[in-house]
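Readers should treat all values here as calculations from the given coordinates under stated rules, not as data from a laboratory. Worth saying up front: this structure is predicted, and the values here are computed from it rather than measured. Here the Cβ positions follow ideal geometry from the backbone for every residue, glycine too, while neighbour counts run over all protein chains shown.
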Amino acid sequence: MKANIGLIGLAVMGQNLVLNINDNGFKVAVYNRTTEKTDEFLTGPAKGTEIVGTYSIEDLVQKLETPRIVMLMVKAGTVVDHYIEQLVLLLDAGDIIIDGGNSLFTDTDRRTKALKEKGLLYIGTGVSGGEEGARHGPSIMPGGHPDAWNRVKPVLQAISAKVDGQPCCEWVGYGGAGHYVKMIHNGIEYGDMQIICEAYQLMSEGLGLSADEISSIFAEWNSAELSSYLVEITANILAYKDEDGSPLLDKILDTAGQKGTGKWTGINALDLGIPLTLIGESVFARCLSAMKDERINASQKLPKPVNRFEGNRQEALETIRNALYASKIISYAQGFRLMREAAKEYGWTLNYGKIALMWRGGCIIRSAFLNDIKQAYDSNPDLENLLLADFFVDAMRQAEPGWRKAVILSIELGIPAPAFSSALAFYDGYRTARLPANLLQAQRDYFGAHSYERTDRPRGEFFHTDWTGHGGKTASSTYNV
Ligand code: NBP
């Protein structure tokens, strides 16, 4: 009997997805560049299963039923192109290639179009949930050639996580749409992690709480509106002891790594002109953390405020909880706003409620809060911004006073809270009808004759002033970048 699907790439994600697909009653053939890994997999985790090993791409393709489905679970970038080039020579029209790695959405767009020319159907799908998710049910965000969807839907929905019986896997849109939504997911993941880290530092350095005390606080927060996988694992991490009985966390070097999806999200936001401040700050916070030696040097030369926390701890904890919740709302509002702009720019019809549902289970950012987002979009699919949904208007109203106090506390104590504070600055800007950009436009016109619009004249009419009395009358073009 031929295999239903072939999978290339037997690292952590590939191996676990294959076992998951096998558990769901589909026969899988596998291939990996390093053949020892294939052998180790077949004699180890895959022992006793129906999984078939192959040692060449030709053999893998021959072992598949037609029309064929080949899934790539390899390092993003040129490795994906390398495998596509080989597969194109072996596959027939109507066969499907799925890239389940973290590919850049513009690469997926390019590949979808190029393979369509050759009669092949390409899917670029986000897969989130790490090792555990891949094994027991990840969140899956497929996009690409729509004709491939009905054929791969039974497999992808079967292996995905389920929430209230619904699969966390739905068709996202044409070309790079699936990988785009996965990129935004990862950006939001960066943001969620950063705000949790800021809460942790305020509690440890600011309020002087121990790792065990902070662990209990996160565990308690995990039972209400902040309930999420990342808060849950944070409580576990803080409670984890090294061999000598002290918290392992205290011994972990404070330099963060990154693989690029947060950076891509920030770059895309800059390209589309959408403020994505919280994710941007989260990427920069990782960059700053990596400048360890420079920071050590600066810590000896640049004195910190001598202020100490002297208030009521319980009240301060409540303000930090407010800051975490409000900042999280800002981050998701910014991320969904960026998706809305991308849909317009790239011609996609994105279903934001379904995206929230896909993220509700299986993935790293899964949280109770995504239900509230889904409900907001269910009641108004054209919602311009999550911050304008009644539920979030109320939530922000309640959290704002505490959030402001937590930011003030961080400033007074000299503890960095870039995501908490920039989110608050964004919020204050977003709900301000008149910003100081009038002065900015005047400055641009003064030095560069860039012209400005007037509040007492219709929009679209541009004026230039000779501010010094010795400038010319010629204005610059009024294009916006
Ligand atoms: P990796 O991202 O580490 O990729 C390992 C796979 O790529 C192996 O099969 C490896 O083959 C193959 N590979 C490499 Br590396 N260079 C190659 C080359 N030059 N030619 C052929 N094959 C090559 O594995 P992963 O962490 O399982 O992730 C797989 C994909 O899923 C990535 O795109 C990743 O970004 C994405 N992802 C990862 C996670 C996660 O939590 N790890 C979560 C979600 C998505 P070899 O065995 O011969 O070296």
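Rounded to whole numbers, the Karplus 3J(HN,Hα) couplings from phi for region 378-388 are 5, 7, 8, x, 9, 3, 5, 8, 4, 5, 9 Hz, using 6.51 cos²θ - 1.76 cosθ + 1.60 with θ = phi - 60°, and x at Gly and Pro. Think of the chain as having a plus end and a minus end, set by charges on the Cβ of Lys, Arg, Asp and Glu; of 331, 130, 96, 96 sits farthest toward the positive end of this dipole.
Given 42, 296, 419, which one lies farthest toward the positive end of the charge dipole of the chain, if we put +1 on the Cβ of every Lys and Arg and -1 on the Cβ of every Asp and Glu? Highest projection toward the positive end goes to 419. Placing +1 on each Lys and Arg Cβ and -1 on each Asp and Glu Cβ, with no other charges, gives region 5-171 a dipole about its Cα centre of roughly 160 debye.
The charge dipole of the chain, taken about the Cα centre with unit charges on the Cβ atoms of Lys, Arg (+1) and Asp, Glu (-1), comes to about 840 debye, rounded to the nearest 20. Applied to region 413-418, the Karplus parametrisation 6.51 cos²θ - 1.76 cosθ + 1.60 on θ = phi - 60° returns per-residue 3J(HN,Hα) values of 8, x, 9, x, 9, x Hz, with x for Gly and Pro. Listed here are the pairs 241/301; 162/182; 182/263; 182/374; 153/374; 116/263; which of them are more than 24 Å apart at the Cα? The pairs that break the limit, which is 24 Å between Cα atoms, are 241/301; 116/263.
Rounded to the nearest 10 degrees, the inclination of helix 12-23 to the longest alpha-carbon principal axis of the chain is 50 degrees. Our coupling estimate for region 235-243, obtained by passing each phi through the Karplus curve with A = 6.51, B = -1.76, C = 1.60 and θ = phi - 60°, is 4, 5, 4, 5, 7, 6, 9, 6, 4 Hz, Gly and Pro reported as x. Taking amide H as placed 1.01 Å from N in the peptide plane, residue 6 has its amide H under 5 Å from the amide H of 29, 69, 70, 71, each at least 5 places away in sequence or on another chain.
For residue 144, the residues whose modelled amide H falls within less than 5 Å of its own, excluding neighbours fewer than 5 places apart on the same chain, are 124, 173, 174, 175, 177, 178. Assuming charge only on the beta carbon of Lys and Arg (+1) and of Asp and Glu (-1), the dipole of region 437-480 about its Cα centre is about 40 debye to the nearest 20. With contacts taken as Cα pairs under 8 Å and at least 6 residues apart, region 182-431 reaches a relative contact order of 29 percent. For the chain, the longest piece that avoids every one of the chymotrypsin sites (Phe, Trp or Tyr not before Pro) found in DSSP loops with at most 13 other C-beta atoms within 10 Å covers 241-466. Residues whose amide H falls under 5 Å from that of residue 53, counting only those 5 or more places apart or on a different chain, are 30, with hydrogens built in the peptide plane. Considering only 87, 165, 215, and ranking their Cα positions along the charge dipole of the chain that arises from unit charges at the beta-carbon of Lys, Arg, Asp and Glu, the one farthest toward the positive end is 87.
Based on DSSP, what percent of beta bridges with both residues in the chain are antiparallel, to the nearest 5?
35
The loop-placed GluC sites (Glu not before Pro) in region 22-124, going by DSSP, that have at most 14 neighbouring Cβ atoms within 10 Å of their Cβ come out as 50, 65. When the square roots of the Cα gyration tensor eigenvalues are ordered a ≥ b ≥ c, the ratio a/c for the chain is 1.5 or more and a/b does not exceed b/c, which makes its shape oblate. Bridgeable aspartates and glutamates around residue 2 (alpha carbons under 13 Å apart, same-chain partners fewer than 8 residues away excluded): 50, 59, 65.
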